[in-house]
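The values are calculated or read from the model by the stated rules, or taken from the named source; none is laboratory data. Here the structure is a predicted model, which means the values were calculated and not measured. Counting neighbours? That spans all protein chains shown, and the Cβs are built from the backbone with ideal geometry, glycine included.
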């Protein structure tokens, strides 16, 4: 089994202004594109409500039909790439024992959130998803998709 | 002043496996494209550390638009951050936490309730960072 792929994130904005005979353009652009030639990947999708629940990525199978094993993650792991989408809105937590560190992503209307690396106490990675702490009224069911990739 | 542009996020991973005469391919992918029109944008660049970090108030960054006027954001709708060697950005009381390393760009669409300030700290030692925040009309 071998995994290869890419992840791209970019924003490109033009701010224009015209006054008298002067045209002004201020361009704001930021992007990154990274190719990956080896690693493992898992995808999980489902629905969630106000009570935080654990996303189980242990049942995802690779192209060879075998379960994908992310193994233990400890401390600061910069090999993880995390993409999270949800609609109408949900949050994803992947936290260290201190809430001030880790990864905490929101997604609204399937607009993806992308984070690189994660901090976690030793153990198998566990993600928690729920609609709590959303700007909208949280009493609804949201659908979500999590893509997590670990570079070899 | 008029803002227009694009946001793009995409990823694709191909998992391939061969055994004898059988080849298996499993493709995981996502793609998001968005046209952005109107609103206001700010850009903040700097250096931060792994102790106190820096706190940025999007309503008072001193960033000026194409017209030359200072931009003040009261809310944030798209956020992009990158850092080298690596930074953590924690937003408001909603506690959205993004991490970016080695110049890769992390992104999110919202930061939840509470104030919109962002605290940027270096993962180790000092790091450079670039933060873009856009607020819709």
Return only the number of the condition from (1) surrounded by 14 or more Cβ atoms within 10 Å (Cβ to Cβ); (2) outside any strand (DSSP E or B) that residue A:51 does not satisfy.
(1)
Residue that is more than 14 Å from residue B:134 (Cβ to Cβ), surrounded by fewer than 17 Cβ atoms within 10 Å (Cβ to Cβ) and in contact (Cβ under 8 Å) with a residue 24 or more places away in the chain, where the choices are B:88, B:6, B:84
B:84
Is it the case that segment A:82-92 has a residue that's under 19 Å from residue B:97 (Cα atoms), facing another protein chain (nearest Cβ under 10 Å) and modelled with pLDDT under 80?
no
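Residue-wise test of (1) out of contact with any helix residue (DSSP H, G or I) (no Cβ under 6 Å at 6 or more places or on another chain); (2) more than 17 Å from residue A:92 (Cα to Cα); (3) modelled with pLDDT of 90 or more.
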{"residue": "B:91", "(1), (2), (3)": "yes, no, no"}
{"residue": "B:94", "(1), (2), (3)": "yes, no, no"}
{"residue": "B:103", "(1), (2), (3)": "yes, yes, yes"}
{"residue": "B:108", "(1), (2), (3)": "yes, no, no"}
{"residue": "B:116", "(1), (2), (3)": "yes, yes, no"}
{"residue": "B:127", "(1), (2), (3)": "yes, yes, yes"}
Looking at A:65, A:49, which one is out of contact with any strand residue (DSSP E or B) (no Cβ under 6 Å at 6 or more places or on another chain) and at pLDDT 90 or above?
A:65
Suppose the filter is exposed (fewer than 14 other Cβ atoms within 10 Å of the Cβ), over 16 Å from the mean Cα position of the chain (by Cα) and part of a loop (DSSP other than H, G, I, E, B); does residue B:23 pass it?
no
Across segment B:113-137, what is the total count of residues that are loosely packed, with under 15 Cβ neighbours inside 10 Å and not in a loop (DSSP other than H, G, I, E, B)?
1
May I ask you to list the residues in segment A:18-28 that are more than 8 Å from chain B (Cβ to nearest Cβ) and under 27 Å from residue B:102 (Cβ atoms)?
A:27
